[in-house]
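Novice: Dumping the structure here so I can ask a few things about it.
The values are calculated or read from the model by the stated rules, or taken from the named source; none is laboratory data. Small disclaimer: the values here were computed from a predicted structure and weren't measured. Note: ideal-geometry Cβ built from the backbone for every residue, glycine included; neighbour counts use all protein chains shown.
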Amino acid sequence: NPIASDIAGPAPRHRTTQVKVGDVAVGGGAPIVVQSMTNTDTADIDGTIAQVAALARAGSEMVRITVDREEAAAAVPHIRDGLAKRGITTPLIGDFHYIGHKLLAAYPACAEALAKYRINPGNVGFKDKRDTQFGDIIEIANKNSKPVRIGANWGSLDQELLTKLMDENAASPNPRDVRAVTREAMVQSALLSAARAEELGMPKDRIILSAKVSAVQDLIAVYQDLAARSDYAIHLGLTEAGMGTKGIVASSAALGILLQQGIGDTIRISLTPEPGGDRTREVQVGQELLQTMGFRTFVPLVAACPGCGRTTSTTFQELASSIQGFIRDEMPTWKTKYPGVEELNVAVMGCIVNGPGESKHANIGISLPGTGEAPAAPVFVDGKKFRTLRGPTISADFKALVIDYIEQ
Ligand code: SF4
């Protein structure tokens, strides 16, 4: 019998039906897609173009924009065209709530410019015959051959469905935990809406599902259930993940577990931006999550030791952070010039304890001198000692060696 250390890697990917969002394939075995969302007013055409461009440049493969009112709907085709003029063809997804049916009907150019529509089944009724909002959006999507994401959300759950399930639960001789019933309502809301969309003529290869919750354990349970009960392509994301490290940790914990179980075809890391913070951070976190788990490679990995009492100089921290920033800044250019550059592994280590060993495992690595060590920093290339750097220009010298390595 294999022991735990014989096995490494995620479970086989959950089989889903592939959906094309513009030119981007989601599900059906396609690489897991990183997406993000703007926080500009969509009616601000220039501001939205600038932010979509920044997100796309950071590596967002699809970008969602809110379409909340007429001015926003009117702006969408101009945003798409403005981006195209800059050579950016990243698919735009329209985020609709409450009045999406009206906006899409009144602004056909908006319906055409978007590559996908996000529908929240909690605020677009479909069961009541008088209420045709859901059906109207599906009809417009069908007419334009656009896919939809049916995105249930814990904070705006279909109240009629929830009340029905709660009443049934209360009448049951063995009532379930109220949270479990709410999770079931989330799953049913997504699945019933998808079934309704199919009844209305939408093919399965145009439907993506999501069911976002902000509590990690609820989110994991909901998505496991969703995957077990359907083969629709799945969009993973924690809603209201939070600010800073809280949001990053919560998203990584929840999405990491699901991805390891083979669940998830596209991810969005929702981070509440710090005041003046950089929106592209959520793309970076999404990429790093996929890369550290071994699903995809986006940028060269910089392995750096945490540092300890043996690293008293600031050279180590400065070099580790400056190499990471340098690589990330150069990547858009390097990607086009040096195919495969994202496979590169760089090591920046703080002393002789693990420095030479770890540096030898990288394509190129440097072991800086720790306290009490001779002021010399050996550089290793492809597992062999290549050169020793000394003096105040170590950082610039090492960057030059990284560039030489990539060019060669
Ligand atoms: Fe500390 Fe050296 Fe280990 Fe880095 S490699 S954590 S400096 S002992």
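Novice: In this structure, does PHE398 turn out to be within 16 Å of the ligand (Cβ to nearest atom) and farther than 30 Å from ILE257 by Cβ? Break it down stepwise before answering.
Specialist: On the way: within 16 Å of the ligand (Cβ to nearest atom): no; farther than 30 Å from ILE257 by Cβ: yes.
No: the conditions fail for PHE398.
Novice: Can you pull out the residues in the stretch 384-403 that are exposed (fewer than 12 other Cβ atoms within 10 Å of the Cβ) and either under 21 Å from HIS361 (Cβ atoms) or of a type in the set (D, E, K, R) (or both)?
Specialist: LYS384 - this is the single residue of the stretch 384-403 that is exposed (fewer than 12 other Cβ atoms within 10 Å of the Cβ) and either under 21 Å from HIS361 (Cβ atoms) or of a type in the set (D, E, K, R) (or both).
Novice: Would it be correct to say that ILE352 is under 20 Å from PRO306 (Cβ atoms), of a type in the set (Val, Ile, Thr) and more than 16 Å from the ligand (Cβ to nearest atom)?
Specialist: When the stated conditions are applied, ILE352 does not pass them.
Novice: Continuing with this model, one more query. Quick check on this structure: which one of THR371, THR297, THR311 is outside any helix (DSSP H, G or I), surrounded by 15 or more Cβ atoms within 10 Å (Cβ to Cβ) and touching a residue at least 60 places away in the same chain (Cβ under 8 Å)?
Specialist: Answer to the check: THR311.
Novice: How about the stretch 255-308: which of its residues are out of contact with any His (no Cβ under 6 Å at 6 or more places or on another chain) and of a type in the set (S, T, N, Q)? Give the derivation first.
Specialist: Initial filter on the stretch 255-308 (out of contact with any His (no Cβ under 6 Å at 6 or more places or on another chain)): 255-261, 264-265, 267-308.
Across the stretch 255-308, the qualifying residues are GLN260, GLN261, SER270, THR272, THR280, GLN284, GLN287, GLN291, THR292, THR297.
Novice: Across the stretch 231-260, what is the number of residues that are free of Cβ contacts under 8 Å to residues at least 40 places away in the same chain and either of a type in the set (Gly, Ala, Ser) or more than 17 Å from LEU191 (Cβ to Cβ) (or both)?
Specialist: Adding up the residues that qualify gives 20.
Novice: List every residue pair whose Cβ atoms lie under 6 Å apart, where the two residues are 6 or more positions apart in sequence or sit on different chains, the first residue falls within the stretch 344-359 and is over 26 Å from MET331 (Cα atoms), and the second residue, located anywhere, is more than 7 Å from the ligand (Cβ to nearest atom) and not aliphatic (A, V, I, L, M).
Specialist: Close Cβ pairs satisfying both conditions: ILE352/GLU373; PRO356/SER367.
Novice: Yes or no: GLY256 more than 15 Å from GLN35 (Cα to Cα), within 13 Å of the chain's Cα centre (by Cα) and surrounded by fewer than 18 Cβ atoms within 10 Å (Cβ to Cβ)?
Specialist: On the way: more than 15 Å from GLN35 (Cα to Cα): yes; within 13 Å of the chain's Cα centre (by Cα): yes; surrounded by fewer than 18 Cβ atoms within 10 Å (Cβ to Cβ): yes.
Criteria met by GLY256.
Novice: Give me the residue from the stretch 273-320 that is acidic (Asp, Glu) and more than 16 Å from the ligand (Cβ to nearest atom) and, out of that set, farthest from SER36 (Cα to Cα).
Specialist: Of all residues in the stretch 273-320, those acidic (Asp, Glu) come to 274, 278, 282, 288, 318.
Right, trim to more than 16 Å from the ligand (Cβ to nearest atom) and you get 274, 278, 282, 288.
On the way: GLU274: 16, ASP278: 13, GLU282: 7, GLU288: 14 Å.
Only one residue tops the list, namely GLU274.
Novice: Let me confirm something: among ALA72, ALA113, ALA106, which residue is of a type in the set (A, V, I, L, M) and surrounded by fewer than 16 Cβ atoms within 10 Å (Cβ to Cβ)? Steps first, please.
Specialist: On the way: ALA72 fails: surrounded by fewer than 16 Cβ atoms within 10 Å (Cβ to Cβ); ALA113 fails: surrounded by fewer than 16 Cβ atoms within 10 Å (Cβ to Cβ).
Exactly one residue qualifies, and that residue is ALA106.
Novice: Further, regarding this structure: May I ask you to list the residues in the stretch 355-365 that are within 12 Å of the ligand (Cβ to nearest atom) and closer than 18 Å to ASP404 by Cβ?
Specialist: Across the stretch 355-365, the qualifying residues are SER359, GLY365.
Novice: Filter the stretch 374-389 down to residues that are aliphatic (A, V, I, L, M) and part of a loop (DSSP other than H, G, I, E, B) and give me whichever is modelled with the highest pLDDT.
Specialist: The residue in question is ALA376.
Novice: May I pose another question? Of the conditions (1) within 24 Å of ALA377 (Cα to Cα); (2) in contact (Cβ under 8 Å) with a residue 12 or more places away in the chain; (3) out of contact with any helix residue (DSSP H, G or I) (no Cβ under 6 Å at 6 or more places or on another chain), LEU319 clears all except one; give me its number.
Specialist: Checking LEU319 against (1) within 24 Å of ALA377 (Cα to Cα); (2) in contact (Cβ under 8 Å) with a residue 12 or more places away in the chain; (3) out of contact with any helix residue (DSSP H, G or I) (no Cβ under 6 Å at 6 or more places or on another chain), the one that fails is (3).
Novice: Among the residues of the stretch 199-215, what is the count of those that are outside any strand (DSSP E or B) and either among the small types (Gly, Ala, Ser) or surrounded by fewer than 18 Cβ atoms within 10 Å (Cβ to Cβ) (or both)?
Specialist: Selection size over the stretch 199-215: 8.
Novice: I'd like to know if the stretch 125-139 contains one or more residues that are in a helix (DSSP H, G or I), β-branched (Val, Ile, Thr) and crowded, with 18+ Cβ neighbours inside 10 Å.
Specialist: Quick first cut of the stretch 125-139, residues in a helix (DSSP H, G or I) only: 133-139.
The next check asks that each one be β-branched (Val, Ile, Thr); those that pass are 137-138.
Going one step further and asking which of them are crowded, with 18+ Cβ neighbours inside 10 Å, we end up with 137-138.
For the stretch 125-139, residues in a helix (DSSP H, G or I), β-branched (Val, Ile, Thr) and crowded, with 18+ Cβ neighbours inside 10 Å: present.
Novice: Check SER270 against each of (1) small (Gly, Ala, Ser); (2) within 16 Å of the ligand (Cβ to nearest atom); (3) within 28 Å of ILE207 (Cα to Cα) and name the one condition it does not meet.
Specialist: Unmet condition: (2).
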